[in-house]
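*Asks:* Just passing along the structure, written as structure tokens.
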Amino acid sequence: MKFVLEVAVDENAPARERAAELGRILRYWGGSLHHYPLEPGDGSAVYDSGYHEVGAWRVTAC
């Protein structure tokens, strides 16, 4: 299996803010993984702290 996570953060924000937001995104994402069996085909949108869609993750077969 291959796990793919794609996230876009505001490239105009200062580096410190981008890093903090990415940290929040990864915590939210990691915290929701227990809801999925993590089989090929599983996936979902990824949201930032303002609940804006900023990417997606998916499980694919290798």
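*Asks:* Work out the length of the dipole vector of segment 4-56 about its Cα centre, built from +1 on the beta-carbon of each Lys and Arg and -1 on the beta-carbon of each Asp and Glu, and round it to the nearest 20 debye. Walk me through the intermediate numbers first.
*Replies:* Values: 4 positive and 9 negative charges, 50 e Å.
Roughly 240 debye for segment 4-56.
*Asks:* Still on this structure, I have one more. Multiplying the sequence separation of Arg27 and Asp10 by 0.36 nm and subtracting their Cα-Cα distance, what value in nm do you get?
*Replies:* On the way: separation 17, 0.36 × 17 = 6.12 nm, distance 1.78 nm.
Using 0.36 nm per residue and subtracting the Cα-Cα distance, I get 4.3 nm.
*Asks:* A further question on this structure: Give the carbon-plus-sulfur fraction of the accessible surface of the chain in %, rounded to a whole number; probe 1.4 Å, heavy atoms of protein chains only.
*Replies:* Details: 2420 of 4470 Å².
Roughly 54 percent, rounded to a whole number.
*Asks:* Oh, and also: Using DSSP to define loop residues, name the GluC sites (Glu not before Pro) in segment 3-62 whose beta-carbon has at most 16 other beta-carbon atoms within 10 Å. Each step should come with its number before you reach the end.
*Replies:* Values: sites: Glu6, Glu11, Glu17, Glu21, Glu53; in loops: Glu11.
For GluC sites (Glu not before Pro) across segment 3-62 that sit outside H, G, I, E and B with at most 16 neighbouring Cβ atoms in 10 Å, the list reads Glu11.
*Asks:* Something else: Report the relative contact order of the chain, percent, no decimals, based on alpha-carbon pairs under 8 angstrom and at least 6 residues apart.
*Replies:* Values: 81 pairs, mean separation 29.6, N = 62.
For the chain, the relative contact order is 48 percent.
*Asks:* With no solvent and one equal point scatterer per Cα, compute the Debye intensity ratio I(q)/I(0) for the chain at 0.19, 0.21 Å⁻¹ and report its log10, rounded to two decimals.
*Replies:* Values returned for q = 0.19, 0.21 Å⁻¹ are -0.70, -0.82.
The values are calculated or read from the model by the stated rules, or taken from the named source; none is laboratory data. Quick caveat, the model's predicted, so the values are computed rather than measured. In this analysis, Cβ positions are derived from the backbone assuming ideal geometry, glycine residues included, and neighbour counts consider all displayed protein chains. Heads up: the accessible areas ignore ligands, DNA and RNA and are worked out on the full protein's heavy atoms, side chains in. Shrake-Rupley method; radii C 1.70, N 1.55, O 1.52, S 1.80 Å.
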